[in-house]
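Got a structure for you, written out below as structure tokens; questions coming shortly.
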């Protein structure tokens with residue numbers, strides 16, 4: 001049975017992204033610093049079909065594992081627009097469902113990545129993503145608003161949050177705009193790292 005999960009980074013003051021996000025400034029002002037731990041990892045470059053990185057230990061394994069478990073992805077239009085010009089061909093190696101009001105034919109990349117553009121809501125996207133995922137899990141890729149929508153709908157099973165030791169100051173927060181009386185988080189694993197705090201939670205829908 002598919003699990004529905006998200007895996008994302010946050011700043012120490014709780015921001016998912018900085019201000020002034022755009023395709024030319026993805027993740028916003030200072031937002032990329034949230035992911036500095038990833039940029040040190042060889043696994044990050046492997047997922048981008050490239051060589052690079054300094055480390056290939058426990059942090060790299062986390063990156064490898066999350067890509068290995070994801071059989072399909074769901075993201076919002078804004079995240080897609082920020083990433084489209086920067087992502088390498090066939091980054092996801094799976095079907096990606098983009099929630100948007102725009103009607104657009106599927107974008108089939110070289111390899112095994114196809115982007116589908118979904119106009120009829122999160123449950124429709126999730127049904128399609130589950131079929132694509134097969135025996136693997138569905139990753140809610142983001143952005144923050146899309147994750148919040150899935151949390152509010154009671155559709156998230158678990159999550160991993162990587163808390164970086166950086167202060168963004170302002171921008172887009174993840175843990176707001178959802179009904180905290182309907183959702184609780186149970187910490188099930190902490191993974192030590194010199195760069196970031198990896199916290200894995202079970203999401204309990206009341």
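Coordinate-derived values only; no laboratory data. Quick caveat, the model's predicted, so the values are computed rather than measured. Here the Cβ positions follow ideal geometry from the backbone for every residue, glycine too, while neighbour counts run over all protein chains shown.
Quick check on packing: order 134-144, 61-71 by the mean number of other C-beta atoms within 10 Å, highest mean leading. Can you show the working numbers first?
Values: 134-144: 21.0, 61-71: 17.0.
So the order, starting with the most tightly packed, is 134-144, 61-71.
Here's another thing I want to ask about it. What is region 141-194 by shape, rounded, prolate or oblate, if you read a ≥ b ≥ c off the alpha carbon gyration tensor as root eigenvalues and call it rounded for a/c under 1.5, prolate for a/b larger than b/c, and oblate otherwise?
oblate
So how many Å³ per residue does the convex hull of the Cα atoms of the chain work out to?
Residue-normalised Cα hull volume stands at 122 Å³.
Next up: Taking a ≥ b ≥ c as the square roots of the Cα gyration tensor eigenvalues, with a/c under 1.5 meaning rounded and otherwise prolate when a/b beats b/c, else oblate, which class fits region 166-206?
Oblate is the answer for region 166-206, as a/c is 1.5 or above yet b/c matches or exceeds a/b.
Taking 30 Å as R0, compute the FRET efficiency from the Cβ-Cβ separation of residue 101 and residue 54 and round it to 0.05. Display every interim value, and only then the final one.
Working: r = 42 Å, r/R0 = 1.40.
Given R0 = 30 Å and the Cβ-Cβ separation, E is 0.10.
Same structure again: If I take the Cα coordinates of region 1-71 and project them onto the principal axes, what are the three extents in Å, biggest first?
34, 34, 24
To the nearest 0.05, how large is the calculated FRET efficiency for residue 69 and residue 20 if R₀ is 41 Å and r is the Cβ-Cβ distance?
0.80
While we're looking at this one, here's another question. Return the tail of the calculated pair distribution for region 29-110, meaning the percent of Cα-Cα pairs more than 22 Å apart.
For region 29-110, the fraction of Cα-Cα distances above 22 Å is 32 percent.
In the chain, what percentage of the DSSP-assigned beta bridges are antiparallel, given to the nearest 5?
In the chain, DSSP labels about 45 percent of beta bridges as antiparallel.
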